[in-house]
Each structure stands twice: as structure tokens, then as C-alpha cells.
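Below is one structure, written out as C-alpha cells; comments come after it.
Read-outs throughout are calculated quantities, based only on the coordinates presented, and are distinct from any laboratory measurement. As the structure is a computational prediction, the values presented were derived from the model and not from experiment. Because the Cβ atoms are built from the backbone with ideal geometry, glycine has one as well, and the counts that use them run over all protein chains shown.
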2 protein chains.
Amino acid sequence: MRKKSIAIDMDNVIADVETHYINWYEKETGIRISKETLKGIPETEAFPDKQAIRRFLTTPGFFQTVPVMPGAKDALLKLHPIFDIYIVSAAMEFPQSLTEKKSWLQEHFPFISWKNIVFCGDKSIIGTDFMIDDLLKNLDTFKGKAFLFTASHNINIDKYTRIRNWEEAVPLLIAEK
Amino acid sequence: MRKKSIAIDMDNVIADVETHYINWYEKETGIRISKETLKGIPETEAFPDKQAIRRFLTTPGFFQTVPVMPGAKDALLKLHPIFDIYIVSAAMEFPQSLTEKKSWLQEHFPFISWKNIVFCGDKSIIGTDFMIDDLLKNLDTFKGKAFLFTASHNINIDKYTRIRNWEEAVPLLIAEK
């Protein structure tokens, strides 16, 4: 039987960019923004310096040094034999992120083949069975079954089946195989 | 009405890598291989030095300097208002090609938005209506309507609707809109 396929986002799903933003902001300004502050608002609005996020996203080394989302590696190791897993990241807006994201995946998820990595602009042409993403805009154009991965900015959204963390994701996805 | 979507390959479709291989091989060895020699065999087998293609593919600057396929720019300018055009390239095997391919597209096809560029490994998850590619392996897993773009290596294949060049492509695709 054909394995079902899952498109898994990078930023805020397997890569903890939220924590990375907070750490980089503190390193730059000395101000530590709490996770609580980020709840329910876009990340670009959540920091006193509104240009900070865009500046970080275009700084060489930012994507290379993002911490792995807690539980993501263990979860993907468990899901990997059961599903065709594709890492699908909207990397095209920031071209310098392309090689850093590829290298980061090689470092932290070496069991994901280069054949299963997709860097794109919009995700509307991705034809997998499932998609896990933290951004509504990516799930809204998806034709398969969509899962919203919890990030501070999306906690008030009630439109898709929610995955709160990677521990919760594994049994939830296996039930769909 | 929703525009139909086309996934268009880069190498041997909008980027003339065949000519680029021949030119680089001549520059390196002094030997000019004719296009005739390339007919019906894989490119990696077509040059006396069997390692040459792989060496070129991993040389910085190779992808940045590929000539545009004759007619490709004019054709895409005509098709652009009629279809959702996505450039879909298997770039993941050679990570240094990622930024060069992105930069090449910006230089030669600036009217293609970053939102419509996809770099992937295998293309089986691409869910567009049409796909234009020179490689059977990409068309074989595609669920929409597939077009085989003529390259020397594929001239004996008789499995998909063939597009021999970009002049021919425009009316053929417009008939499908």
C-alpha cells in the first residue's frame, strides 16, 4: 500500500524560530521579551523594534543556528518509516536562507533525504495528503487534510485540527495513516 | 475562473544546460562534442570523460552562467498572464546550486515572483495542472497532464505529448487553458 505523504513546515514547526527571535532580540537589545507577549499577534508586531524580525531573517547565520523544536527529531524518527515525509519550507523570500536551511536539515535531520526537501514561495501547489504548518495562509490553499501546529501567533485560530506539540502529533498522525 | 497552473522545469527546459555542458567540456578539454553525439543517451554517458557532468554540476558558477533556452523568455512572457506559472527545479542534490538558480531566475525571468519558484528533490508532490519537463522520472509520478520537452537524451521517448521548442509550446499550451 502506498504510504501517505505529509508536508511538514520548518519555521515554528521543526525549527524553533520563536525562541530564536527572543534570544536574538535579547542579545541585540538587552531586553528579554516573554513568550506570553507573543500570544495572539503576528511575530513582526510582537517586538518593540518592529524591524527586528526582518533584520534577523536577512542576517547570515540566523537560520543555521535556529534550535530544533522540542520533540521534533524524535517524532520524525517515529513517523519516518510510516509516512512519506516532505519538509516544505517557504524559503524563497530570503535567498540566503536556502543553503542555511539545507545545511540545518542535514545537521539535525540527516535521515530526511534531499529528495524529500522542498523550498518554495507559496505552498498552494503542494499535493501531499497532509500538511502541518503554523501559518493559516499555507493551510488555506492546501487541498489535503491540514493541521495547525501551535505557535504563539496562532493560539486564537480555531479553523483546523490543532497539533500543540510533537508528542501529541505522533499518535494523532498515526491514527490517519 | 481560476487560472490553470503549469510547473516548468529549469535544466534543459528554460536553461540550456546541454549547450553549457558542451561549452564547458570544450573549455576544459579542447574537445568539442557535437549535439548529434548526445542524441538518445543520458548526458552523463555522452562525454568521453564520464565524470565531467558531475564535476560541472558541483563547480561554483556553473548554474549562474547557463544560457537561457532559445525562445523561453518570450514564451513565458506570453504564458504568464494566462497561467499560474511555477518554476520547479530539482536543485536539492547540489546545494550550491540553490542560490545560483534563484539568482539566475531573478536575472533572466524577473517577472516570475519568488512566490512561484520551487526547488525540490523529487517532484512527485507537485500538484499543478500541467508539467513541462525533459526527464521521464519527473513526468512519471505526476498526476496532471505531462509534456515532455525535447532534449537530446529523450528523443527516442514516445510516452508523453512532446514539446519540441518554446515556439511550439505557446499555442499548444494556450489550447489547454
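Along the charge dipole of chain A, pointing to its positive end and built from +1/-1 on Cβ of Lys, Arg, Asp and Glu, which listed residue (A:A52, A:L79, A:S152) has its Cα farthest out?
A:L79
Using every Cα-Cα pair within the range A:1-41, state what percent have a distance larger than 13 Å.
Looking at the range A:1-41, the distances longer than 13 Å represent 65 percent of pairs.
Report the rotationally averaged projected area of the range B:21-106 based on its alpha-carbon convex hull, in square nanometres.
Computing the convex hull of the Cα atoms and averaging its projections yields 6.8 nm².
Taking the Cα atoms of the range B:96-173, what is the range of coordinates along each of the three principal axes, in descending order and whole Å?
34, 28, 24
Compute the distance in nm between two label points, each set 7 Å from the Cα along the Cα-to-Cβ direction, one at A:T161 and one at B:E107.
4.6
Please get the size of the charge dipole for the protein assembly as shown, origin at its Cα centre, with Cβ charges of +1 on Lys and Arg and -1 on Asp and Glu, quoted in debye to the nearest 20. Numbers along the way, then the final one.
Working: 46 positive and 48 negative charges, 123 e Å.
For this selection, approximately 580 debye.
Would you tell me which residue of chain A has the beta carbon closest to the rotation axis bringing chain A onto chain B, and how many whole Å away it is?
A:G127, 1
Lys and Arg at +1, Asp and Glu at -1: add these up for the other residues within a Cβ distance under 12 Å of B:K39 and post the number. Can you show the working numbers first?
Numbers: positive: B:K35; negative: B:E18, B:E36, B:E43, B:E45.
Overall, the nearby charge balance is -3.
Compute the whole-percent fraction of alpha carbon pairs in the range A:132-177 spaced more than 16 Å apart.
Values: 355 of 1035 pairs.
Of the Cα pairs, 34 percent sit more than 16 Å apart.
In a shell of Cβ-Cβ distance under 11 Å around A:I82, excluding A:I82 itself, what net charge do Lys and Arg (+1) and Asp and Glu (-1) give?
Numbers: positive: A:K3, A:K4, A:K78, A:K177; negative: A:D84, A:E176.
Around A:I82, the surrounding residues sum to +2.
Between A:E26 and B:E26, with labels modelled 7 Å along Cα→Cβ, what's the label distance in nm to one decimal, could you check?
6.1
Where nothing but the Cβ of Lys and Arg (+1) and of Asp and Glu (-1) is charged, how large is the charge dipole of the range A:4-147 around its Cα centre, in debye to the nearest 20? Could you put the intermediate results ahead of the total?
Details: 17 positive and 20 negative charges, 48 e Å.
The calculated dipole for the range A:4-147 is roughly 240 debye.
What span do the alpha-carbon atoms of chain B cover on each of the three principal axes, reported in whole Å from largest to smallest?
Principal extents (Cα only, largest first): 54, 34, 28 Å.
Using only the alpha-carbon atoms, what does the protein assembly as shown span along each of its principal axes? Please give whole angstrom values in decreasing order.
Over the protein assembly as shown, Cα extents along the principal axes are 66, 40, 39 Å.
Could you tell me which residue out of B:F62, A:S103, B:G40 lies farthest along the dipole of the protein assembly as shown toward its positive end? Charges go on the beta carbon: Lys and Arg +1, Asp and Glu -1, centred on the Cα centre.
B:G40
When the Kirkwood radius is taken over all Cα pairs of the range A:17-63, what Stokes-Einstein diffusion coefficient follows at 10 °C and 1.306 mPa s, in µm²/s?
On the way: Rh = 10.7 Å.
Value of D from the Cα-based Kirkwood radius: 148 µm²/s.
Mind scanning B:K115/B:K177; A:K73/A:K159; A:K101/A:K137; A:K39/A:K102 and naming the pairs with a C-alpha gap bigger than 25 Å?
Numbers: B:K115/B:K177 21 Å; A:K73/A:K159 27 Å; A:K101/A:K137 21 Å; A:K39/A:K102 29 Å.
A:K73/A:K159; A:K39/A:K102, as the Cα separations exceed 25 Å there.
Taking the Cα-to-Cβ direction at B:K39 and at B:R54 and moving 7 Å from each Cα, how far apart do the two end points lie in nm?
2.9
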